[in-house]
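Q: Sharing a structure with you now.
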Amino acid sequence: MPELPEVETVARGLRSTLPGRRVLQVRLGKTDFIDDPAAVEQHLPGKRVRAVRRLGKFLVLDLEPENGDAAMGLLIHLGMTGQIVTCPADAPVAPHTHAFLSLDDGRELRYTDIRRFGRIAILPESEQPAVLGVLGLEPLEASEQEFAVRMGSRRARVKALLLDQHALRGMGNIYTDESLWRARVHPARLGASLKKDEMRRLYRAVQWVLAEAIRLRGSSVSDYVDSDGKPGEFQLRHRVYQREGKKCARCGGLIRRMIVAGRSSYFCPDCQPAPRDGSARGKPRAARKIHRQR
């Protein structure tokens, strides 16, 4: 699933091309991932894009109000396999393209999604807080103190806390594992058990990993491409994610995988010591087998 760096990369690409452009026409294919397809077809044509924002893993296209209409925004979530690109209107259409927005400069904004786990909705500004207001802190804007409060005030696994969109918005499996490795923190540690220096290391690791991933335009480990259709490069810098059985780039130990917070978690058992309470022993062999079959 595209995470903060991927969505930020897409947002920056769209920000360089969409503001000031007017949507002339909307064509929709399959619409089961669109909240109200009729509303999109009714309200979007004729609207000019005022700005492009990212909130967590959401893209928001702010639309200029006209003729006394209420200000509206187009919310887009890429789900697991969503892609949104701008291209010439006569460019070949990729399979599984479900939304076409014709722009006044002769190009199209196209949304492609193989699995259709994404989301598109057009909402008045007044209704957006109900959808987006539950999101947590922006990791790149949070202070060290704010981060420590969110991570240290609950007796939950630190991996679960980093993934909780109500705590920090935008973090996902890739950058959580990479940040924990860089901070030398085991994913099964309780957030409340982290010492001050460990919390500081984790905060700085999250900041560095996200910033570096954005600089390299995200990680293309599945279907992700930016708004120009180009893949990212941060996957070449992964140190633990999907590297089970390979040598740790720091100590030479072997990377392992275990299930934490219901997610595959990659870590170095030598660099990231397990909790002393034994809670990081992993699931029994039979349970692991059942999980793999799913």
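Computed from the coordinates by the stated procedures, all read-outs in this text should not be read as laboratory data. Predicted, not measured: the structure shown is a model, and the values here were computed from it. Virtual Cβ from ideal backbone geometry, glycine too; neighbours counted across all protein chains shown.
Q: In debye, nearest 20, what is the charge dipole magnitude of region 4-132 about its Cα centre with +1 on Lys and Arg Cβ and -1 on Asp and Glu Cβ, if you could check?
A: Numbers: 17 positive and 17 negative charges, 81 e Å.
In total the dipole reaches around 380 debye.
Q: Using only the Cα atoms of region 4-132, build the gyration tensor, take square roots of its eigenvalues as a ≥ b ≥ c, and label the shape rounded, prolate or oblate: rounded if a/c is under 1.5, else prolate if a/b is larger than b/c, else oblate.
A: Since a/c stays below 1.5, the shape of region 4-132 is classed as rounded.
Q: Any of Lys57/Lys247; Lys30/Lys230; Lys57/Lys246; Lys57/Lys159 with alpha carbons more than 22 Å apart? Name them for me.
A: Numbers: Lys57/Lys247 31 Å; Lys30/Lys230 25 Å; Lys57/Lys246 30 Å; Lys57/Lys159 18 Å.
Table pairs above 22 Å Cα-Cα are Lys57/Lys247; Lys30/Lys230; Lys57/Lys246.
Q: Further, regarding this structure: For a quick check: sort Ile114, Ile84, Ile214 by the number of other beta carbons within 10 angstrom, fewest at the front. Each step should come with its number before you reach the end.
A: Numbers: Ile114 15, Ile84 25, Ile214 19.
With the fewest neighbours first, Ile114, Ile84, Ile214 line up as Ile114, Ile214, Ile84.
Q: Same structure, new question: When the convex hull of the Cα atoms of the chain is projected onto a plane and the area is averaged over all directions, what value comes out in nm²?
A: Details: hull surface 65.7 nm².
Spelled out: convex hull of the Cα atoms, projected over all directions, averaged, 16.4 nm².
Q: Then there's this: Given Cβ point charges of +1 (Lys, Arg) and -1 (Asp, Glu) and nothing else, what value in debye, to the nearest 20, does the dipole of region 144-293 about its Cα centre take?
A: The calculated dipole for region 144-293 is roughly 760 debye.
Q: Also: Going toward the positive end of the dipole of the chain, with +1 on Lys and Arg Cβ and -1 on Asp and Glu Cβ, which of Gly13, Gln165, Ala121 do you reach last?
A: Gln165
Q: Still on this model: Treat the count of other C-beta atoms within 10 Å as a stand-in for reagent exposure and order Trp181, Trp208 from fewest to most. Working shown, then result.
A: On the way: Trp181 27, Trp208 14.
The order, fewest Cβ neighbours first, is Trp208, Trp181.
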